[in-house]
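Participant: One structure, pasted below without further comment.
The values are calculated or read from the model by the stated rules, or taken from the named source; none is laboratory data. Model, not experiment: these values are computed from the prediction. For neighbour counting, all protein chains shown are included, and Cβ atoms are generated from backbone atoms with ideal geometry for every residue, glycine included. Note: accessible area is taken over every heavy atom of the protein model, side chains too, but ligands, DNA and RNA are not part of it. Shrake-Rupley method; radii C 1.70, N 1.55, O 1.52, S 1.80 Å.
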Amino acid sequence: MPDLRTTRLLCFVLALFLLAGCKGEGKRPVMKIGYMICNSESETEQRFVPLTRYLSEKVGVDFVFVPVDTQDFEKRFKAGEFALTHTNSLLYIIMRERDGLQLVASEKRGQFGSRTAGAIIARAGSGIRKLADIRGKKMAFGPMLAPTGYLAEYDLMLRSGIDPERDLAFYSIPSGSYKHEKAIYGLLYGKYDVAAAPVLDLEVMAREGKISPEDFVVLAQSPIVPYCTFGAAKGTDPEVVKKLRRALLELKPADTAGVDGERLKVLKSAGIDGYEELLDSDYNPIRDMARRANMPPYQKY
């Protein structure tokens, strides 16, 4: 039977063991990633929570998924709610110019990889065959900060001598979620005469059987420009940024992450093809569009 001294020694060792275990827990840093809400908050969560979990496993940081409305994104980023960002390419430029956001990696999805384009489309058989025919017509745009659902098409019109503010009967932006799809469906079913449509959305909707390419005529298409983008606030730990970039660039179709007791394929869940390392200068065509269209971050009142 152990004596009192031995018993005390065992209790002391056990206490040290328990304390060591407590200190070990919570040692990993916690960082929030602000994800621009795409079609809806629930859709964005379903797509990107597996990616967030995967990045946590690879980088050794407990990343937290934070859905953020497009219009509120820069304000919440400035307020320090999150240090890492996943946004469209126009929001990346806005925060790069105003807040020093660093480029981490660019998303690949669809026929143009890490790039996509904006198009102005009409219904097949409507009699609208060229861009000049849209004068006096009703038009639908996507969200105002959408680089290939608003900006690219607005710029296309300006460069063709068409003033969207004067030469259309009217234009509008659908309310609620899935604005790009609503604009395309609104055109298909006669609510509008023409619509601004991201080429990627047309590609995805056709692949899912929601529309047929034969339903539409492409009146004009913009140059291809970078797609969605991961960024990091200036001052973010360089080692974390380096590991995050590597984890994104090395992501493969077979890679999985644990979510609610399941192992989900990360790229399949997100509906993307991977990530690519671009240069900030690759975003200059979007900057040029924004300057011509008098849009953020270059607008002049």
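Participant: Out of all the residues in the range 50-105, which are under 23 Å from Gly118 (Cβ atoms), among the hydrophobic types (A, V, I, L, M, F, W, C), in a helix (DSSP H, G or I) and touching a residue at least 40 places away in the same chain (Cβ under 8 Å)?
Facilitator: Hits for the range 50-105 are Leu90, Leu91, Ile93, Ile94, Met95.
Participant: OK, next. Can you pull out every residue in the range 56-90 that is under 18 Å from the mean Cα position of the chain (by Cα) and among the hydrophobic types (A, V, I, L, M, F, W, C)?
Facilitator: Selection gives Phe63, Val64, Phe65, Val66, Val68, Phe73, Phe77, Phe82, Ala83, Leu84, Leu90.
Participant: While we're here: Residues that are within 23 Å of Arg115 (Cα to Cα), of a type outside the set (D, E, K, R) and at pLDDT 95 or above, at least 2 per element: which strands (runs of 3 or more DSSP E) completely within the range 187-296 meet that? Step through it out loud before you land on a result.
Facilitator: Working: elements: 194-198, 216-221, 229-232, 256-259, 262-265, 274-276.
Fully inside the range 187-296 and qualifying: 194-198, 216-221, 229-232, 274-276.
Participant: Given (1) within 17 Å of Val241 (Cβ to Cβ); (2) modelled with pLDDT under 95, identify the lone condition not met by Leu101.
Facilitator: (2)
Participant: Here is a check on your reading of the model: is Val49 under 17 Å from Ala233 (Cα atoms) and either modelled with pLDDT under 95 or among the β-branched types (Val, Ile, Thr) (or both)?
Facilitator: Answer is no for this residue.
Participant: Further question on the same structure: If only one of Leu188, Leu264, Leu278 is open to solvent by less than 30 Å² (accessible area, probe 1.4 Å) and touching a residue at least 12 places away in the same chain (Cβ under 8 Å), which one is it?
Facilitator: Checking each option against the conditions leaves just Leu278.
Participant: Take Ile134 and tell me if it is in contact with a Pro (Cβ under 8 Å, 6 or more places away or on another chain) and open to solvent by less than 20 Å² (accessible area, probe 1.4 Å). Quick ask: steps written out before the conclusion?
Facilitator: On the way: in contact with a Pro (Cβ under 8 Å, 6 or more places away or on another chain): no; open to solvent by less than 20 Å² (accessible area, probe 1.4 Å): yes.
For Ile134, the condition - in contact with a Pro (Cβ under 8 Å, 6 or more places away or on another chain) and open to solvent by less than 20 Å² (accessible area, probe 1.4 Å) - is not met.
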